[in-house]
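This report refers to the structure that appears directly beneath it.
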Amino acid sequence: MNSVFSFRLRNLGLGRFSPAQLIALTFGAAILAGTLLLWLPLSHEPGQTVTFLQALFMATSAVCVTGLGVVDVGSTFSPFGEVVMMLLVQFGGLGLITVGTMTALLLRRRVGVRSRLNAAQQVNASRLGEAPQLVRTVVLSALGIELAGALLLSPDFIAREGLGRGLYFALFHSVSAFNNAGFSLYPTGLLGLIGDPWINLIIPLLIILGGTGFLVQVNVLAWLRDRRNQLSTNTRISLAMMFFLLLTAPVLFGMMEWNNPATLGNLPLEQKLLASWFQGITPRTAGFNTLDYAQMTFAGLFYSMLLMLIGGNSGSTAGGIKTNTVFVMVVSAWSLIRGRKDAVVFDRRLGTDIILRAMSVGLLSLVMLALGILLLLVFNRHGRDGLQFIQLVFEAVSAFATVGLSMNATTHLNSAQELVIIALMFLGRIGPLTLAVAFAQRELPPPVRFPETSDVLIG
């Protein structure tokens, strides 16, 4: 049986792992490999040194497509190190299992049942037989979109950096944007490009395409080719949430920051609109920013954290608990409030297992996030050297939702706090439910099913 990495899982003793466990292990292996590569002197600019913990942090942030950094990518890493970062972002965004299965397909080697299960888990394929074809479509379309994005960004970056360097910058930022990573080769990110209409259009477009979800894109394209192909309930939910947030988030963010002289207040009208649009998109969950989040109002910060937690669509490169999860949770709660036994969306009844999974993801996410915030506070320095409460909460939400936005706090974290952020990025990327399923012990069905009780007060 061929594996997704083109060798036999059985020979390595990996055949006993479930798809969820294998996803967690492959992401961990990618982080370790990336850490070792980024730790090499070859990856550093002359005169620059990177500790093992810093390399671990940057590799985790890249593989988990987060974008937080304890060092500046452009000035710290050599071209080799920057390419390593870009490849880690690419592998993290598409998924190592997806890329490995694509390699097996290109080599025309048979993909076994377990490999199909792994691929189906990675890209959320509903039917086992769809996985190989879907993975092929996912990878080719992703590479095509990234290349198109790089071509569209090239004129702008060439004008700034020259031909060769401009093409490289365009490719790096296109890959980073599509995979919702948020890494930039500029020391201040995209703060200096707040008035560039082209950058403020193409980068968010790449973010939106990456956060839409591959299954949604395939379903929409099939429906456009032949209207007899119906849009699935998942696609309808994803599109409804996506368009709702695209329409409301920039407006609400602009309202909260419109008169803040440190962000939007002193900008011309055109730049205000561009910045509101950009900041309404990036918290879900790209990490690029054209405004300084350390200067925002508490309302703007809180709303950004809400957007970070919601994230993008399921099966996409985005993070967060996902729009689909939030939708199911809200609809289920609303149905319960109205006294309805079933939660119905688009003339379809949501299954109990779907509702339970959504509630589990939401609860586990909040528990992990709360624990991470608590640990950051416990390890925080006292006095002037310590970080403020809002900075640590924002950093934790950004890490767990794999966003990469920061109130300029990442480089001021101590070693213990860096380890907490690393754990949050990893847990947020592979998903709370995936982690719980991956390492939960398998239990046999109970021999006795106990009687149901309604004698429990809720609320």
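Read-outs: derived from the displayed coordinates by stated rules, not from any lab. The structure displayed is predicted, hence computed values, not measured ones. Cβ sites come from the backbone with ideal geometry, for glycine too, and all protein chains shown count toward neighbours.
Highest mean packing first, where packing is the average number of other Cβ atoms within 10 Å per residue, the peptides 59-72, 387-400 line up as 59-72, 387-400. For segment 184-264, trypsin sites (Lys or Arg not before Pro) are listed when DSSP marks them as loop and at most 15 other Cβ atoms sit within 10 Å of their Cβ; the list is Arg227, Arg228. Note on Gln133 and Leu87: with the Förster distance fixed at 30 Å, the Cβ-Cβ geometry gives a FRET efficiency of about 0.75. Segment 25-95 and segment 258-327 have Cα centres lying 25 Å from one another. With Cα atoms defining each centre, segment 125-197 and segment 211-242 are spaced 23 Å apart in the structure.
With 0.36 nm allotted per residue and the present C-alpha distance subtracted, the Leu377-Leu32 stretch has 121.5 nm of extension available. Summary of packing: across the peptides 328-337, 82-91, 34-43, 421-430, the per-residue average of other C-beta atoms within 10 Å ranks them, highest first, as 421-430, 82-91, 34-43, 328-337.
Would you kindly give the portion of the calculated P(r) for segment 229-439 that falls above 27 Å, as a percent of all Cα pairs? Above the 27 Å cut-off, segment 229-439 has 38 percent of its Cα pairs. Are there trypsin sites (Lys or Arg not before Pro) in segment 252-351 that DSSP puts in a loop and that have at most 16 other Cβ atoms within 10 Å, and which ones? Listed in order of number, the matching sites are Arg338, Arg340, Lys341.
Add +1 for every Lys or Arg and -1 for every Asp or Glu among the other residues with Cβ under 14 Å from the Cβ of Gly67, and state the total.
Residues near Gly67 contribute 0 overall.
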